[in-house]
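Remarks on the structure that follows.
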Amino acid sequence: MSKLGTLGARLHHGEIGYDFVKNRKIWYGISILITITAILGLAVRGLHMGIEFQGGAVFTTPKNMSASVATAEEYAENASGHDAIVQKLGDGSLRIQVAGIDTKTSDDIKDQLAEDLKVDGERINAELVGPSWGEEIANKAWQGLGIFMFLVVIYLAIAFEWRMALAAFVALIHDITITVGVYALVGFEVTPGTVIGLLTILGYSLYDTVVVFDSLKEQTKDITKQTRWTYSEIANRSINSTLVRSINTTVVALLPVAGLLFIGGGVLGAGMLNDISLSLFVGLAAGAYSSIFIATPLVADLKELEPGMKSLKKRVMAKRAQGDAGEAQPAPVTVGGDQDGPEDAPAVVGPRSQPASRARGRGRPSGKRR
């Protein structure tokens with residue numbers, strides 16, 4: 001078995017582990033700090049909405065253009081008076097996006113670009129995008145997100161309990177906020193692909209959370225009938241038992257997404273991949289983090305508020321205190337079953353009894369054998 005497999009088996013059986021629940025205040029603090037940073041970035045910088053949401057025009061030049069992206073961007077901004085986004089496609093053509101312009105302005109910009117780039121104006125393809133279409137997409141996305149959240153809460157409340165549903169809901173809001181905040185800080189363009197990526201990461205995040213919750217539900221069955229573990233300790237064991245599985249799932253999912261983001265978008269310059277790959281990359285990482293460090297510790301906090309769990313914790317702590325006191329005082333050594341010792345203490349006797357074959361003369365008076 002590989003080292004990782006051995007580690008996973010030892011974590012699953014509780015032989016080793018890290019106390020995630022005990023250190024939950026640290027994770028809460030880190031999450032709050034990241035979330036505040038994301039919200040500040042969103043408030044200060046805002047989202048760079050794509051042309052699909054603002055409306056405007058998209059110009060596509062002929063293949064194998066000699067002009068650079070920077071030069072074409074300068075030409076487009078001078079011709080339109082607006083910010084322009086230029087991408088170089090695989091066939092060498094340029095894709096120029098200019099937001100907030102109408103049909104008449106689009107024709108004038110097209111003619112000016114043809115003159116600056118020294119190409120025939122008929123060979124530049126111009127497509128107009130109305131802002132109403134982008135608003136419709138945004139509204140549909142918000143509706144889909146709301147329906148998804150509602151169904152998730154209902155399902156988790158039925159399959160598990162309302163505390164787990166609430167914790168999963170908080171974790172999902174945490175993941176969305178961080179992902180949107182990173183978009184604002186990085187300045188990537190928000191496109192319909194971004195919306196698709198945001199909705200996709202919710203499924204991944206929920207999957208990791210449900211895996212831990214399922215283990216927790218199984219291990220806490222009839223929890224009040226024992227006095228060995230508290231709810232928080234069993235919750236921590238559930239996290240550790242599924243930790244390697246969660247890490248493996250996240251890493252396998254992140255590898256192709258990282259290829260899209262860093263190789264496709266960064267090295268090869270395929271900018272159209274950035275909108276969806278960034279949301280997937282950040283969302284997958286945030287989802288794995290929230291399922292381990294946020295959702296399950298939050299469930300433990302909510303459950304520990306129950307009277308039954310409080311009573312269980314008191315019994316567990318009292319039993320451990322009795323055990324510690326018993327270990328501090330060594331048990332007395334008794335001979336022949338001294339009644340002063342504990343009832344279940346084994347009697348300590350003298351030399352080991354002889355076998356039956358050597359005990360034939362037992363009970364006879366001393367003296368010579370006749």
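Only the coordinates and a few stated rules stand behind these numbers; no lab work does. Just so we're clear, the structure is a prediction, and the values are computed from it rather than from any experiment. Every residue, glycine as well, gets a Cβ built from its backbone with ideal geometry; the counts of neighbours run over all protein chains shown.
What FRET efficiency comes out for the pair Asn23/Val44, r = Cβ-Cβ distance, R0 = 35 Å, nearest 0.05?
Efficiency, from the Cβ-Cβ distance: 0.65.
Report, by chain and number, residues whose modeled amide H sits under 5 Å from the one on Met49, excluding near sequence neighbours (fewer than 5 apart, same chain).
Distant-sequence amide H within range of Met49: Val190.
Report the extension gain between Lys314 and Asn78 in nm, rounded to one decimal, defined as 0.36 nm multiplied by the number of residues separating them, less their alpha carbon distance.
77.6 nm
Is any residue of the stretch 166-203 close enough, with backbone N under 17 Å, to a label point placed 7 angstrom from the Cα of Thr37 along the Cα-Cβ axis, and if so, which?
174-188
What area, in nm² and to one decimal, does the C-alpha convex hull of the stretch 83-181 cast on average over all directions?
Its Cα hull, projected and averaged over all orientations, spans 9.6 nm².
What is the distance, in nm, between label points placed 7 Å from the Cα along the Cα-to-Cβ direction at Phe150 and at Asp107?
Between Phe150 and Asp107, the simple spin-label model gives 4.7 nm.
At a Förster distance of 22 Å, what's the computed FRET efficiency of Gln322 paired with Arg245, Cβ-Cβ distance as r, to 0.05?
That gives a FRET efficiency of 0.05.
Computed FRET efficiency, Cβ-Cβ of Thr60 and Glu218, R0 41 Å: what is it to the nearest 0.05?
0.15
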